[in-house]
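Worksheet for the structure shown next.
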Amino acid sequence: MKRLLSALVLMGGIAAIVAMAVVRPLSAAAPIPEFAGGVVPSLAPMLKSVTPGVVNIAVKGRQRIQNPLLEDPFFRRFFNVPQGQQNYAETQATGSGVIVDAAQGYVLTNAHVIANETSIAVTTKDNRRFAAKLVGRDTETDVAVLKIDSEHLSAVPLGDSDKLQVGDFVVAIGNPFGLGQTVTSGIVSALGRSGLGIEGYEDFIQTDASINPGNSGGALVDLKGDLVGINTAILAPGGGNIGIGFAVPINMARKVMDQLIRYGEVKRGRIGVSIQDLTPDLAQAMDTKQTNGAVIAKVEPGSSADHAGLKSGDLVTAADGVMVHSGTQLRDAIGLTRVGDDVSLTIDRNGSERTVAVKVEMAQQSANQSQQSVR
């Protein structure tokens, strides 16, 4: 199945992402083998330990058939179609997933991979096949968690996506076109990509590691073999891979996973502020030397932000120690923090920096609201 969002393609269950990088000699984290009297770099030792944790996902589902004739009361009466009867088509799709907890059997994947599911099967690299249970899914971040019951599973260790830098080498592992496990390499092309209209919460890793239909939900790992992202989408104005792909950062996916396992859903948080990006004109008007951040435009009276002492005009430069580049990034940080926990905000007020702990409250509004709305 396929979703076309402007120039971005998400392929439901057979999703695609990122494109082929030029492979250059690089220093692998594992020992370099000898070859033809010399040495050549190889990712094989790292991949040998990581690939058993990447699985293939097969989904059977049901999708409602949209037929204008069946919506016509005259047509339904003429052909004796029962009132309220809906027609559905059986669907099949394939994608990828990553085992992140071998003991509990938890598998991370994309929410769109298992859309409309009636049954989910997970196949490991050693060709063992398991029926999977859906723990929960969050369409706003396109993250889903599955559970399989088995011994002798191998998990991919979780990395820290906040430590990624543009230019870092990464490897994409997945199940393109249902061919079976495939590995491609590339670099981190950009960080913090948002405003793409794919998801409600966007903070994508952009990469050129080649990813194709069926790779959605697969692993993006660094050269140490740590999971840094879940492959999700590609930029495809012509319908094909042009080398621009996106992955959900593992730090975001981990927060979502924790809530899905605990609650079966993500409970959105808010602190009661309206925010906007720090533009050059706004920075000049505020007489600040800062070039990145999120400006608090309004504080809701009686909110946790109000109780914490935040004021209109405060410039938020970091959240929980992570630099804030935009209002969208701050919105994501607040919206994905577990309700009841504190979020530590570093603010610049009239040139003076301070850190404020603000309790995250349950959000009452849609998670799809814009970054200018109250969060």
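Near the amide H of Gly243, under 5 Å away, which other amide H atoms are found, from residues 5 or more places off or on another chain, if H is placed in the peptide plane?
Ala19
If we count other beta carbons within 10 Å of each Cβ, what is the order of Glu140, Glu265, fewest first?
Glu265, Glu140
Hey, can you grab everything whose amide H is under 5 Å from the amide H of Ser326? Only 5+ residues off in sequence or another chain; H modelled, so Pro and N-termini drop out.
Those qualifying (amide H under 5 Å, at least 5 residues apart or on another chain) are Gly293.
Which of Lys147/Lys255; Lys267/Lys359; Lys311/Lys359; Lys163/Lys255; Lys133/Lys267 have a Cα-Cα distance over 19 Å?
Where the Cα-Cα span goes over 19 Å, the pairs concerned are Lys133/Lys267.
In terms of the Cα gyration tensor, with a ≥ b ≥ c the square roots of its eigenvalues, is segment 269-362 rounded because a/c is under 1.5, prolate because a/b exceeds b/c, or oblate?
Prolate shape, in that a/c is at least 1.5 and a/b is the bigger ratio.
At 0.36 nm per residue, and after removing the present C-alpha to C-alpha distance, how many nm does the segment from Val339 to Lys133 gain when stretched out fully?
71.6 nm
After finding the eigenvalues of the alpha carbon gyration tensor for segment 86-212, what semi-axes result from the square roots of 5 times each, listed largest first in whole Å?
They are 25, 20, 15 Å, listed largest first.
Between Lys48 and Glu265, what length comes free when the chain is fully extended (0.36 nm per residue of separation minus the Cα-Cα distance, one decimal in nm)?
My answer for the length gained is 74.7 nm.
Sort Tyr263, Tyr201, Tyr106 by Cβ crowding within 10 Å, fewest neighbours at the top.
Tyr263, Tyr106, Tyr201
Which residues' amide hydrogens lie under 5 Å from the amide hydrogen of Leu191, considering only partners 5 or more residues apart or on another chain, with H built in the peptide plane?
Under 5 Å from the amide H of Leu191 lie the amide H atoms of Gln206, each far enough along the sequence or on another chain.
With 10 angstrom as the radius, rank Asp332, Asp277 by how many other C-beta atoms surround their C-beta, starting from the fewest.
Going from sparsest to densest Cβ surroundings: Asp277, Asp332.
Multiplying the sequence separation of Ala285 and Ile242 by 0.36 nm and subtracting their Cα-Cα distance, what value in nm do you get?
Extending this stretch completely gives an extra 11.4 nm.
Grab the beta carbon distance between Arg349 and Lys163, set R0 = 30 Å, and tell me the FRET efficiency rounded to 0.05.
Computed FRET efficiency for Arg349 and Lys163: 0.55.
Laboratory data are not the source of any read-out in this text; all were calculated from the coordinates shown. Since the structure is predicted, the reported quantities are computational estimates derived from the model, not experimental observations. Ideal geometry is used to build each Cβ from the backbone, glycine not excepted, and the neighbour counts take in all protein chains shown.
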